[in-house]
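Working notes, structure below.
The values are calculated or read from the model by the stated rules, or taken from the named source; none is laboratory data. All of these numbers come straight from a predicted model, not from anything done at the bench. As a convention, Cβ positions derive from the backbone with ideal geometry for all residues, glycine included, and neighbour counts pool all protein chains shown. The accessibility values were calculated without ligands, DNA or RNA, using every heavy atom of the protein model including side chains. Shrake-Rupley method; radii C 1.70, N 1.55, O 1.52, S 1.80 Å.
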Amino acid sequence: QVQLVESGGGLVQAGGSLRLSCTASGSTFSSYFLAWYRQASGEQRELVASITRSGDTGYPDSVQGRFTISRDNTKNTVYLQMNSLKSEDTAVYYCYVRNWGIGYWGQGTQVTVSS
């Protein structure tokens, strides 16, 4: 069982920045596949960033160049740096961890971008 604790959400003006953090339990964090998803009200949950154990990252076109995912294996933490935020980035953001084929979700943190 992997437990996740997220932080860093909040209210920001359009064009601003936020950094989300997610700290995971477990002694094999360096082997985890990590990702951030978001879910806007009335919408399906969508992937916004991922990072493999080797550090390869992936982003959808909607956030490419604005969002950056990173991991600190010494702190068991994954980050999502979000720049140039837009009103359409407003959503609940979820940390996701996959270990040995089993996925775990964080509790979610609200990000609201005012225009």
**OP:** Run the quick spin-label model on S41 and S27: label points 7 Å from Cα toward the beta carbon, then report their separation in nm to one decimal.
**Re:** 4.5
Original post:
If you plug each phi of the stretch 96-109 into the Karplus form 6.51 cos²θ - 1.76 cosθ + 1.60 with θ = phi - 60°, what whole-Hz ³J(HN,Hα) values come out, in order, with x for Gly and Pro?
Top reply: 9, 10, 10, 9, 6, x, 10, x, 9, 10, x, 7, x, 9
Original post:
What does the stretch 1-94 give for Rg and for Dmax, in Å, if only its C-alpha atoms count?
Top reply: 13.1, 38
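What number comes out for accessible area per residue over the chain if the probe is 1.4 Å? Units Å², please.
Values: 6060 Å² over 115 residues.
Using a 1.4 Å probe on heavy atoms only, each residue of the chain averages 53 Å².
Pop out the carbon and sulfur fraction of the accessible area of the chain as a percent, whole number, probe 1.4 Å.
That fraction is 45 percent.
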Original post:
Dipole magnitude of the stretch 24-115 about its Cα centre, charges +1 at Lys/Arg Cβ and -1 at Asp/Glu Cβ only, in debye to the nearest 20?
Top reply: 240
